[in-house]
Every structure is written in C-alpha cells, then in structure tokens.
1. So for the range 56-70 (the condition being surrounded by 15 or more Cβ atoms within 10 Å (Cβ to Cβ), free of Cβ contacts under 8 Å to residues at least 40 places away in the same chain and part of a helix (DSSP H, G or I)), does at least one residue qualify?
2. Quick one: residue 123 ticks every box in (1) under 14 Å from residue 191 (Cβ atoms); (2) within 22 Å of the chain's Cα centre (by Cα); (3) of a type outside the set (S, T, N, Q); (4) surrounded by fewer than 16 Cβ atoms within 10 Å (Cβ to Cβ) except a single one, so which number is it?
3. Filter the range 110-140 for residues that are without any contact (Cβ under 8 Å) to a residue 24 or more places away in the chain and part of a helix (DSSP H, G or I); which is farthest from residue 175 (Cα to Cα)?
4. Can you spot a residue in the range 149-164 that is among the aliphatic types (A, V, I, L, M), more than 18 Å from residue 98 (Cα to Cα) and assigned to a helix (DSSP H, G or I)?
5. Taking only pairs six or more apart or across chains, which ones have beta-carbon atoms under 7 Å, a first residue in the range 89-108 that is within 22 Å of residue 14 (Cβ to Cβ) and at pLDDT 95 or above, and a second residue that is small (Gly, Ala, Ser) and assigned to a helix (DSSP H, G or I)?
6. Take residue 134 and tell me if it is crowded, with 19+ Cβ neighbours inside 10 Å and over 21 Å from residue 182 (Cα atoms).
7. Output the qualifying pairs, or none if there are none: Cβ atoms under 7 angstrom, residues six or more apart or on different chains, first residue in the range 35-47 and touching a residue at least 12 places away in the same chain (Cβ under 8 Å) and closer than 15 Å to residue 188 by Cβ, second residue of a type outside the set (Val, Ile, Thr) and not in a helix (DSSP H, G or I).
8. Here is a list of conditions, (1) within 24 Å of residue 101 (Cβ to Cβ); (2) modelled with pLDDT of 95 or more; (3) within 22 Å of the chain's Cα centre (by Cα), and residue 42 meets all of them except one; can you say which number that is?
Amino acid sequence: MSMHRHLDDELMRLRNLLIEMSNLVDEQLADAINAVTSCDLELAEMVRRRDDEVDAMELMIDHQCERILALFTPVAMDLRLLITAVKINSDLERIGDNAKNLAKNTRHIADFGHLVKRTPLLEMADVARSILHDVQDAFIKRDRLLARKVLPKDKQVDQLYKETLRSLVQICRENPEHAEAVVYLIAMSKAVERIADHAKNIAEGVVFLVDGVDIRHRRLSEREDQPEESI
C-alpha cells in the first residue's frame, strides 16, 4: 500500500471522527433544548453526564491530527483539512460545553417555565441548532455555498439574543421577585448565542477547506487590500 493511500485512510478516519463528534454534540444540544422546554431535570442531568463523551472525542480527534502530522507531510487540500479539523474540533467541544451549561441551569428555572415562554429563548435555540445542522451538511458535502448561507442566520440569533435580553429586563422590572431566575435565563441565553457563534466558525472553516480562503475578520482583510493614500 502506498504512502498516499495510508494518508487517505488516516484522513478518512479523521473525517469520520469529526462527523461522529458533530452528531454527538447535536444530540446534546437537542436534549438540552428539550430539557429547558419541558423543565425535565432528568434529561438535563443526562446531558451534563454525557459531556465527558464529548471531551473524550475531542482528545481522540486531537490525537488523530497529531498522528497524521507525525507520520505524513500533508500539503494543499490535505493540509487544509488538518488545519480545519483542529478548529472544528475545538468549536464542537465548545458547543458541547454550552449545551451542558444550558442543561445545567435548567434546575434553576424549573419552576419558572412561564418566564421562558415570555422570551424568544427557545426560538433562538432552534435557530442555533438549525445552523449546526447546516454546517454539518456543508462539511460532509464540502459545500462552500451552503456554508456561506449559514452566516446570515448567526445575525438572526444575535437579534433574538438582544430581544431575549430586553424581555428579561422587562420581566425583572415588572416582577423583581423573579430576579434570580432572570439571571439564570440570561446565562442560558448567552450559552445559546455562543453555540451559534461556534457553529458559524465551523461554516467559515468549511469555506477555508474548500476554497482555501479565510473569510474571518473580512473587514480587516478588505482594509489591507485598499491602496494607501498618497501624501
């Protein structure tokens, strides 16, 4: 078997591990959202316990990346896959952490389900999960166009986050006795907003993987491309 065939096999294993971790994180997020929706403390606790599985997958993927670097000298698309895998791995782990935090705080708002319904928190969570689904498909299909379509959805989450905060501030003004629950709901809203941010990062990674173009911080790169004004 040629060296290149060995590399292909190792990269395929890396790709499959990333897909497996992405599916696990998606399950975690779905269960966390359902736990919040129904104030299901047992489901929330299951999400918290399964976070160890996400952490174990992160280490496994890191090890696979290190193995490929140690055994081969990847270039071009293979090297971009390796770079992208490291970043996606980190973002998936952070999504898992935020799903855990979302579930962990469920016990603090279990008696205040009516407050959740007065905010766009659950709508925001559903949009964040749809972003994660889209980036999963984009990575599997190496579809840069689908990855780019995800970016506006992150702005939708940002807007829902602002609306959620405004709703929670209003609740606190009208019902000061609910202040403690509001604090936890703010933390949960931030967790959902961060989930969407990390999913957006994965979309940007897919664009880099396919096109070799880094679309992060585009305003900075546009500024660098502009010609200097003559004195």
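The values are calculated or read from the model by the stated rules, or taken from the named source; none is laboratory data. What you see is a predicted model; the values in this text were computed from it and never measured. Don't worry about glycine lacking a Cβ; one is built from the backbone with ideal geometry, like all the others, and counts go over all protein chains shown.
1. Among the residues of the range 56-70, at least one is surrounded by 15 or more Cβ atoms within 10 Å (Cβ to Cβ), free of Cβ contacts under 8 Å to residues at least 40 places away in the same chain and part of a helix (DSSP H, G or I), which makes the answer yes.
2. Tallying (1) under 14 Å from residue 191 (Cβ atoms); (2) within 22 Å of the chain's Cα centre (by Cα); (3) of a type outside the set (S, T, N, Q); (4) surrounded by fewer than 16 Cβ atoms within 10 Å (Cβ to Cβ), residue 123 fails exactly one: (1).
3. 137
4. Of the residues in the range 149-164, the ones among the aliphatic types (A, V, I, L, M) are 150-151, 157, 160.
Subset that is more than 18 Å from residue 98 (Cα to Cα): 150-151.
Narrowing the set further to residues that are assigned to a helix (DSSP H, G or I) leaves 150-151.
Within the range 149-164, one or more residues are among the aliphatic types (A, V, I, L, M), more than 18 Å from residue 98 (Cα to Cα) and assigned to a helix (DSSP H, G or I).
5. Final answer for the pair search is 92/22; 95/199.
6. Working: crowded, with 19+ Cβ neighbours inside 10 Å: yes; over 21 Å from residue 182 (Cα atoms): yes.
Yes; evaluated as a whole, the condition is true for this residue.
7. Once the first residue is touching a residue at least 12 places away in the same chain (Cβ under 8 Å) and closer than 15 Å to residue 188 by Cβ and sits in the range 35-47, its partners that are of a type outside the set (Val, Ile, Thr) and not in a helix (DSSP H, G or I) give 39/110; 41/110.
8. Only one criterion is unmet by residue 42, namely (3).
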